[in-house]
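Undergrad: This is the structure, below, for whatever I ask next.
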Amino acid sequence: MLGPGEMRFGWKGRPATMTAMPELSNPPGLHETPGYHHVTTTDATRLVFLAGQCPLDAQGNLTGPGDLKAQVGQVVSNIEIALASAGAAPADVVRTVIYVVSAEQPDLAEVWTMLRGSSIASALDSASTLLGVAQLGFRGQLVEIDVTAALPG
């Protein structure tokens, strides 16, 4: 039992009463990961699903056609805005799916490295999938990220 004024802290240092507290794990028998976790569980009662975030600016223009770094930066910015609009933060993310227009592993690794060094890096601690694809929705688009976050009710 907690004493007066004491709080139990949960996931990422948040008060346990203020977060869905996703649990992250890498079960024995599965390979080591470069920063994500194989399993994310949560008892959240409110889920936030972002549409695939594209490298489009506020006016709907594609940022940096053919420029992977510029596009990743725009997608990161869009994710921050979308999460904040729902009262969420990167630390609340429980799943990401990252799409990169490339069949080359070094291109995928470059995107992963950029994201792990970005302001949404903590979003990639949870269950994450990184895919190379042939094409995305906009001509010149090289990256898109789907995000799911979990919040208390």
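Undergrad: In degrees from 0 to 90, rounded to the nearest 10, what is the angle of the helix 105-116 Cα long axis to the longest principal axis of the chain?
TA: Its long axis makes an angle of about 40 degrees.
Undergrad: Explain nothing, just the number: relative contact order of the chain, from Cα pairs under 8 Å at least 6 residues apart, as a whole percent.
TA: Details: 296 pairs, mean separation 48.2, N = 153.
That works out to 32 percent.
Undergrad: Taking K and R as +1 and D and E as -1, what net charge do the other residues with C-beta under 15 Å from the C-beta of Thr96 add up to? Please report the intermediate quantities before stating the final value.
TA: On the way: positive: Arg95, Arg116; negative: Glu80, Asp92, Asp125, Glu144, Asp146.
Surrounding charge for Thr96 is -3.
Undergrad: Something else: Along the charge dipole of the chain, pointing to its positive end and built from +1/-1 on Cβ of Lys, Arg, Asp and Glu, which listed residue (Ala82, His37, Val100) has its Cα farthest out?
TA: My answer, from the dipole projection, is Ala82.
Undergrad: If each residue's Cβ is checked for other Cβ atoms within 10 Å, how do Thr113, Thr40 rank with the fewest at the top?
TA: Numbers: Thr113 13, Thr40 19.
Ascending number of Cβ neighbours within 10 Å: Thr113, Thr40.
Undergrad: Can I ask one more? Could you sort 23-33, 139-149 so that the peptide with the highest average Cβ count within 10 Å comes first and the rest follow in order?
TA: On the way: 23-33: 10.0, 139-149: 21.4.
For the peptides 23-33, 139-149, the packing ranking is 139-149, 23-33.
Undergrad: Further question: Mind running the shape call on segment 72-153? Use the C-alpha gyration tensor, a ≥ b ≥ c as the square roots of the eigenvalues: rounded below 1.5 for a/c, prolate if a/b tops b/c, oblate otherwise. Please list the in-between numbers first.
TA: Working: a/c = 2.03, a/b = 1.72, b/c = 1.19.
Cα axes put segment 72-153 in the prolate bin.
Undergrad: Here's something else I'd like to know. Put a dot 7 Å past each Cα toward the Cβ at Gln105 and Asp43; how far apart are the dots in nm?
TA: Calculated label separation equals 4.1 nm.
Undergrad: Looking at the chain from every direction and averaging, what is the projected area of its Cα convex hull in nm²? Please list the in-between numbers first.
TA: Working: hull surface 43.1 nm².
Its Cα hull, projected and averaged over all orientations, spans 10.8 nm².
Undergrad: Assuming a ≥ b ≥ c are the square roots of the Cα gyration tensor eigenvalues, decide whether segment 29-82 counts as rounded (a/c under 1.5), prolate (otherwise, with a/b larger than b/c) or oblate.
TA: Working: a/c = 4.09, a/b = 1.57, b/c = 2.60.
Here segment 29-82 falls in the oblate category.
Undergrad: While we're looking at this one, here's another question. Restricting to DSSP H runs of at least four residues, report the calculated mean residue ellipticity at 222 nm for the chain, -39500 (n - 2.57) per run over all residues, nearest 500 deg cm²/dmol.
TA: So the calculated ellipticity at 222 nm is -6500 deg cm²/dmol.
Undergrad: Report, in degrees rounded to the nearest 10, the 0 to 90 angle that the Cα long axis of helix 68-85 makes with the longest principal axis of the chain.
TA: On a 0 to 90 degree scale, this one is about 40.
Undergrad: Running a GNM on the chain with Cα contacts under 10 Å, which residue among Val94, Val72, Val39 ends up with the highest mean-square fluctuation?
TA: Val39
The numbers here are math on the coordinates, done by the rules we state, and not lab data. As the structure is a prediction and not an experimental result, all values here were calculated from the model. Neighbour counts are summed over all protein chains in view; Cβ atoms, including those assigned to glycine, are modelled from backbone coordinates with ideal geometry.
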